[in-house]
1. Across segment 316-367, which residue is modelled with the lowest pLDDT among those that are in a helix (DSSP H, G or I) and polar (S, T, N, Q)?
2. Report yes if Ala210 is free of Cβ contacts under 8 Å to residues at least 60 places away in the same chain, in a helix (DSSP H, G or I) and buried (at least 19 other Cβ atoms within 10 Å of the Cβ), otherwise no.
3. From the list Gly323, Gly308, Gly295, which residue is in contact (Cβ under 8 Å) with a residue 40 or more places away in the chain, crowded, with 18+ Cβ neighbours inside 10 Å and within 17 Å of Ile242 (Cβ to Cβ)?
4. Give Leu240, Leu273, Leu244 a once-over and let me know the one that is in contact with a helix residue (DSSP H, G or I) (Cβ under 7 Å, 6 or more places away or on another chain) and surrounded by fewer than 19 Cβ atoms within 10 Å (Cβ to Cβ).
5. Consider only pairs whose beta carbons are under 8 Å apart and that are at least six residues apart or on different chains; among these, list those whose first residue lies in segment 353-373 and is touching a residue at least 40 places away in the same chain (Cβ under 8 Å) and whose second residue is assigned to a loop (DSSP other than H, G, I, E, B) and of a type in the set (Asp, Glu).
6. Please specify each residue of segment 126-166 satisfying the condition of being in a loop (DSSP other than H, G, I, E, B), surrounded by fewer than 16 Cβ atoms within 10 Å (Cβ to Cβ) and of a type in the set (S, T, N, Q).
7. What number of residues in segment 226-241 are aliphatic (A, V, I, L, M) and out of contact with any strand residue (DSSP E or B) (no Cβ under 9 Å at 6 or more places or on another chain)?
Amino acid sequence: MAENNFDSTVASLFKGMDAFISAKTVVGDAVTVKDTIILPLVDVSFGVGAGAFAGDKKNNAGGGMTGKVTPSAVLVIQNGATKLVNIKNQDTVTKILDMIPDVIDKFKGKDEKVVTDADIDEAIEEKQPFFWYLAHNAAHFPLQAPVETINKYKGKYMKGWEDVRNARFKKQLELGLFERPDQLTPRNPKVPEWDSLTQEEKERYDMQMAIYAAVIEEVDRSIGRVVEHLKEKGVLDNTLIILLSDNGGNGEPGIEGRFAGKNPGSAGSTVFLGAAWADVANAPFFLYKHHGHEGGCNTPFIVSYPNGIDKSLNGTIQKDNYGHIVDIMPTLVKLTGATYPSSRGGHKVPPMEGISLLPLLKGELVKQTKPTIVEHEGNKMLRDGEWKIVQEYKEPKWRLYNLKNDPTEMRNLADREPEILNRMIHDYQKMADHIGVESEIEFKVGKWYTPVEEYLK
């Protein structure tokens, strides 16, 4: 067992803490103690007192500080994991001291084994089923990744967003995702031509995309690690794995995105992909997160289930099927043979809204029994089979698309098919009332927002 440098660890921890707890600040400077970052979030001026016993007299330790604290929070970032300690109306000293054992364990070289590994191992040993919900923060902003991974991609995007976007769409055509070259939507009109940028701007944008690519690789590595662990335990073939995203590429806070921090991409920095590269990420669709158009709500849905999927379907893409997040629960209930409760703890449980997606595993079409509804900050969408209506924020008119013939939403059929349009508007309102969508909503439209009509000029 490695030498336990308990006294020096405690000393370094409190030394680092002293750097921020003695200062009065709204957002203080980040304090780094080895690979742990401690970030104060409001005015701080308080004292900490603690004593420790490490097993022998030589390694006993103690410390003390004085002062007071204004109710706030402390953010601790350690090995990619983030812990927010809310100290409002709580024993502040106790809350911060509670963090010390975890930090010390890390310094002592504690095994980095993910907790859920042990959880799965326990379930396997007891011959029990298990359920994992693994929510990666990536690739949501802020974009952060190890520098060695980022460096692998630096320079790869100097060709510019036009060339990269066109190359991706060409690959999509080869895979059969789309059928006609004219299905690539126009770029956002606010995005400048790549050749019009200065060399400095090109290098900045290249680095921005390199960071994003590095984030994706790290997520892929994390998922691969889970798969390998399941394989080692002999349960992979009988485990259903579903990978999905919650929305399309993010165009916030504008064309340029965000590129802030001493070392963009590192812990503590703030990097946003931005609308220019989101046009690439969402190709061939247009618009981004927030919107009801496909660039905002059409996302991948990847399934692995070796013993449950017909072998002939391995590696295939079923582009004619679609589902929604509400379909996950019915799918799992059906697969496991579970019973969905009508009540719990004396309270009525609302019925499931979606349907089972298990027919996908047999290569069959999923027949949705009711339309799919999406609303986000005043942007509205309803899909019913091949038909889809969209209403953008504060724009009075609904648009109507036939996704079978026009998957990238280039042809608004609202004037040609008024009966279908009116029926679907009625269905949207009925479903919105059912699930409690707030129709009156205000949100700050940032410079990322581009009206559809301007986009399609």
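The values are calculated or read from the model by the stated rules, or taken from the named source; none is laboratory data. Quick caveat, the model's predicted, so the values are computed rather than measured. Heads up, the Cβs are rebuilt from the backbone with ideal geometry, glycines too, and the neighbour counts pull from every protein chain shown.
1. Filtering first and then ranking leaves Thr336.
2. Answer is no for this residue.
3. When all the criteria are applied, what remains is Gly323.
4. Leu240
5. Filtered contacts from segment 353-373: Leu361/Asp310; Lys362/Asp310; Gly363/Asp310; Leu365/Asp320.
6. Residues satisfying the conditions are Gln128, Asn137.
7. So the answer is 1.
One line per residue, one yes/no per condition, for (1) in contact with a helix residue (DSSP H, G or I) (Cβ under 6 Å, 6 or more places away or on another chain); (2) assigned to a loop (DSSP other than H, G, I, E, B); (3) over 22 Å from Pro142 (Cβ atoms); (4) of a type in the set (Asp, Glu):
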| residue | (1), (2), (3), (4) |
| --- | --- |
| Ala278 | no, no, no, no |
| Phe285 | yes, yes, yes, no |
| Val303 | no, no, yes, no |
| Ile309 | yes, yes, yes, no |
